[in-house]
Protein chains: 4
Amino acid sequence: MHTLTFRVRYSDTDQMGTYYNARALEWFEAGRNELLRDLGRPYREWEAEGLRLPVYEAHIRFLGTAEYDDELRMITTLSMSGRARLRFDNRIEQAASGQPVCEGWTEHAITDTTGRPIRPPAWLVELAGTGD
Amino acid sequence: MHTLTFRVRYSDTDQMGTYYNARALEWFEAGRNELLRDLGRPYREWEAEGLRLPVYEAHIRFLGTAEYDDELRMITTLSMSGRARLRFDNRIEQAASGQPVCEGWTEHAITDTTGRPIRPPAWLVELAGTGD
Amino acid sequence: MHTLTFRVRYSDTDQMGTYYNARALEWFEAGRNELLRDLGRPYREWEAEGLRLPVYEAHIRFLGTAEYDDELRMITTLSMSGRARLRFDNRIEQAASGQPVCEGWTEHAITDTTGRPIRPPAWLVELAGTGD
Amino acid sequence: MHTLTFRVRYSDTDQMGTYYNARALEWFEAGRNELLRDLGRPYREWEAEGLRLPVYEAHIRFLGTAEYDDELRMITTLSMSGRARLRFDNRIEQAASGQPVCEGWTEHAITDTTGRPIRPPAWLVELAGTGD
């Protein structure tokens, strides 16, 4: 589990005055990134070792508004989804009030550099904590 | 049903060489926009009349790659989801080969300018073709 | 000279109600792209031949607002800047009224795939119409 | 003068493997934002008081690459440009090596909520340190 605190940028807003929906997926990415760094396995190293984690499926529920400069807190967790996919769950809330902003998940294929699915390495399965 | 053809911009790509996942939601938005214009009810007019359609939930399945400058075709359809929400389904494929790129949907609350859910106007229900 | 007509997306707006400033550079890219296609030399082919055109310098003047769904017209022109750089000039205006939205330019190095500057090929110099 | 350290997100990259050019302007915005907060005058308060700072002109020089997950350091400074405009200068470099990534500036009109230029309040002129 990883917690990341960040602020809504002006570029994240749209004319409705809250964050534009697609930005949630960029925030989720930042959450995945910092979670993997925290676990001692930055995604950059995965790529250097020839692994790729393309997003396979994504789901988002938009639960509340977040205005420019609001401080948000994102909680990211990691698990396996079946034997061949990695799943990250994200929840974003207002840092001050705890009011929910959005939540969702992304499922990732585990592939080589050509996009061909591969058997997840043992360290990855262990990392995801499934003990499969 | 609306069909929109467009090209992948350089700004849509990431270092994996295909489109960045969050861009799918921006494309879906363009599909909704042109569908509503085609139906004779541009979303801009909805906003002028005090209606808002904030995204409530979104789902995306990433089915294939799309490289810079690839011509893509997006098919967008509209329906009601229950009595109070609007749903758009999007499917994007390679224009030349028909190979799938991604598909998904967004569900939208129907609210006034303060974000309070309202009963959908009759013309909207008719537009969505449910005849509820 | 190339003219491209497009609409402001919701994702292009920010809470000020006009387009977010960085979007101008994405629009300029679309202008460059379609200009080169029109000239019979799509940029994709340049990359396939081992050429790259990284942006070296960019300048933008923001001249007027553009709201969601406004139809805009962008005029893009191409020239050499000295013997070693390519320059694109962009001007964006409201399609209906001709009111200026923004204008600017980007200068591009001409490099190989490793980022090393190369002597521009003869066809490129000719394309840029300088006859140097 | 304000220093902000941040990492290149995957969404900031393009298929050339470095950051996409328009992202520099989003980073500059984050720099302005944190500078003003540091000065005790968060931009959010400006907006609440009826002031707006629309970008009037922007200039960027792209000086070096920055890859996914690189840690970057941005230095932002503030000054008046003439009597009626505010100017921010930004410089971004690799945090570890100090290698330049990009630099540039944005000039901002000072307006009311309708976009009409106004005489800058005394506190703002003082903030910008010009003593005009």
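For this structure, a couple of remarks:
- 10 Å Cβ neighbours from other chains, averaged over peptide A:4-15: 6
- Global geometry of the protein assembly as shown, whether rounded, prolate or oblate, following the gyration tensor of its Cα atoms and the 1.5 cut on a/c: rounded
- Within 10 Å of the Cβ of each residue in C:96-103, the mean number of Cβ atoms contributed by other protein chains is 0.
- Per-residue Cβ neighbour counts within 10 Å put A:D70, C:D112, D:D89, D:D38 in the sequence C:D112, D:D38, D:D89, A:D70, beginning with the fewest.
- Calculated label separations, D:W123, copies of the chain, 7 Å along the beta-carbon direction, nm: 4.6, 5.3, 6.1
- Cα-centred dipole magnitude for the protein assembly as shown, charges only on beta-carbon of K, R (+1) and D, E (-1), debye, nearest 20: 0 debye
- Summed residue charge, Cβ within 11 Å of C:E45's Cβ, Lys/Arg positive, Asp/Glu negative: 0
- Label-point spacing for C:Q99 across the identical copies (point 7 Å from Cα in the Cβ direction), in nm and ascending order: 3.4, 4.4, 4.6.
- Packing-based exposure ordering (other Cβ within 10 Å, fewest first) of D:L124, D:L39: D:L39, D:L124
- Across chain B, C-alpha contacts under 8 Å between residues 6 or more apart give a mean separation that, scaled by the residue count, equals a relative contact order of 28 percent.
- Highest mean packing comes first when the peptides A:8-21, B:52-65 are listed by Cβ atoms within 10 Å, giving A:8-21, B:52-65.
- Inter-centroid distance (Cα atoms) of the stretch D:71-99 relative to the stretch A:22-94, Å: 30 Å
- Only Lys, Arg (+1) and Asp, Glu (-1) charged, at Cβ; the stretch D:2-127 dipole about Cα centre in debye: 480 debye
- Other copies of C:D38: label-to-label distances in nm, shortest first, labels 7 Å along the beta-carbon direction: 2.7, 4.4, 5.1
- Principal-axis analysis of the Cα atoms of chain D puts helix D:23-38 at an angle of about 50° to the longest axis.
- Local electrostatic count at A:D112 - Lys and Arg +1, Asp and Glu -1, tallied over other residues with Cβ under 13 Å: +1
Values in this text are rule-based calculations from the coordinates and carry no lab data. Computed from a predicted model, the values in this text were never measured in an experiment. Note: ideal-geometry Cβ built from the backbone for every residue, glycine included; neighbour counts use all protein chains shown.
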